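Read the structure below first, then the notes.
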Amino acid sequence: MLEGQPALVTGANSGIGRAVALGLAASGADIVINYIVDQPAAEEVAHAIEAKGRRAIVIKADVSNESDVQAMYAQAISHFSTLHVIVANAGLQRDAAIDEMTLEQWNKVIGVNLTGQFLCAREAVREFKRRGVVESVSRAAGKLIMMSSVHQEIPWAGHANYAASKGGIMQLMRSIAQELAPFAIRVNGVAPGAIRTPINRSAWDTPDAYRSLMTLVPYKRIGEPDDIAHAVAWLASDLSDYLTGATMFVDGGMTLYPGFATGG
Ligand code: NAD
């Protein structure tokens, strides 16, 4: 489905990004694996992709740093000739009550989660516009998939910087989807609910924490990274060719106001 469509995934050495990189490779794409820390984990993802018969390259870059991002795209494009799919996935949390939140915590989260997506989107669009549509490969000139969160919608006390970054991603995504549709560039978001990854380990790694988490999940199971990878593979493919500017909530119903399940 994605043969001949090299894909770049940021934060691809852990959690959701790792599963997305492996899932896109399983769909036929060659993969650029971006990481910032833990090179061995990135190399392990590359080896797993090569074992599937696809090509992979590992590139270190801080997505919040303009020159790092530009150098990453230059290296990726010179290696694979072009890029067709970008998954802007890298993200982090720096939690604090609002009256205790430092400017550093605020700037870090906005810098990686929101500015990082802007920088990756901008370089992607430059390449997609330069190359245009290659009909033998895809109906679109490029697919940009932005990793958001249910917290683009659900307020999150104690995590205002994170929720603000994800709300920002939602309007960044919709605005550039509108701007880029005439160029056959599709831009969509994925909003995961609670997914079993290192970012939220404390929410699922004890029976008590898991039970409490399940009060927020009507489908009554935690999400796995592959649940997100399957959605991303579909968004990257021509099966979703008429979809742009949408957020796909992959959350087991977390955004369905579970507190009202018994009538409110
Ligand atoms: P994770 O911590 O396993 O992965 C995050 C990845 O981003 C890591 O590889 C990390 O090294 C990388 N990263 C952090 N800062 C970076 C930087 N400056 N430059 C490049 N890479 C950087 O967590 P995850 O759950 O896999 O998170 C992936 C994305 O999914 C994030 O955007 C997160 O906000 C989002 N998300 C996760 C959940 C969940 O429940 N796990 C829910 C909603 C949204």
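The values are calculated or read from the model by the stated rules, or taken from the named source; none is laboratory data. Just so it is clear, the structure is predicted and the values come from calculations on it, not from any experiment. Methodologically, a virtual Cβ is constructed for each residue, glycine included, from the backbone with ideal geometry; neighbour enumeration extends over all protein chains shown.
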Next item on the list: Kindly indicate whether G252 is within 13 Å of the ligand (Cβ to nearest atom), more than 16 Å from the chain's Cα centre (by Cα) and buried (at least 16 other Cβ atoms within 10 Å of the Cβ).
Entry: yes
Next item on the list: Say whether the condition of being among the small types (G, A, S), closer than 26 Å to R130 by Cβ and more than 16 Å from the chain's Cα centre (by Cα) is met by at least one residue in the stretch 33-54.
Entry: no
Check: Counting just the residues of the stretch 186-206 that are in contact (Cβ under 8 Å) with a residue 40 or more places away in the chain and hydrophobic (A, V, I, L, M, F, W, C), which one comes out surrounded by the fewest Cβ atoms within 10 Å (Cβ to Cβ)?
Finding: I199
Check: Residues of the stretch 115-149 being surrounded by 20 or more Cβ atoms within 10 Å (Cβ to Cβ) and either of a type in the set (A, V, I, L, M) or at pLDDT below 95 (or both), which ones?
Finding: L119, A121, A124, V125, A140, A141, L144, I145, M146, M147
Notebook entry, point to check: Does the stretch 149-179 hold any residues that are within 16 Å of the ligand (Cβ to nearest atom) and closer than 27 Å to F80 by Cα, and which are they?
Noted result: M173
Notebook entry, point to check: If a residue has to be touching a strand residue (DSSP E or B) at 6+ places or on another chain (Cβ under 8 Å) and either at pLDDT below 95 or within 11 Å of G11 (Cβ to Cβ) (or both) to count, how many in the stretch 25-40 make the cut?
Noted result: 4
Item checked: Scope the stretch 182-206; condition part of a loop (DSSP other than H, G, I, E, B) and within 13 Å of the ligand (Cβ to nearest atom); matching residues -> G193, A194, R196, T197, W204, D205
Checklist line | Options A74, A61: the member that is surrounded by 14 or more Cβ atoms within 10 Å (Cβ to Cβ) and modelled with pLDDT of 95 or more | finding: A61
Note to self: Any residue in the stretch 1-29 that is without any contact (Cβ under 8 Å) to a residue 60 or more places away in the chain sitting within a Cβ distance under 6 Å of a residue that is within 13 Å of the ligand (Cβ to nearest atom) and aromatic (F, W, Y)? List the pairs, counting only those 6 or more apart or interchain.
What the structure shows: N13/Y35
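Residue-wise test of (1) crowded, with 16+ Cβ neighbours inside 10 Å; (2) touching a Leu at 6+ places or on another chain (Cβ under 9 Å); (3) charged (D, E, K, R).
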{"site": "S212", "(1), (2), (3)": "no, no, no"}
{"site": "K220", "(1), (2), (3)": "no, no, yes"}
{"site": "E224", "(1), (2), (3)": "no, no, yes"}
{"site": "S237", "(1), (2), (3)": "yes, yes, no"}
{"site": "D241", "(1), (2), (3)": "no, no, yes"}
{"site": "T244", "(1), (2), (3)": "yes, yes, no"}
{"site": "T262", "(1), (2), (3)": "no, no, no"}
Next item on the list: Scan (1) within 16 Å of the ligand (Cβ to nearest atom); (2) closer than 30 Å to E104 by Cα; (3) out of contact with any Phe, Trp or Tyr (no Cβ under 9 Å at 6 or more places or on another chain); (4) touching a residue at least 12 places away in the same chain (Cβ under 8 Å) for the single condition A209 breaks and write down its number.
Entry: (4)
Next item on the list: Name, by its number, the condition in (1) near the ligand (Cβ under 10 Å from one of its atoms); (2) within 19 Å of V45 (Cβ to Cβ) that does not hold for G116.
Entry: (2)
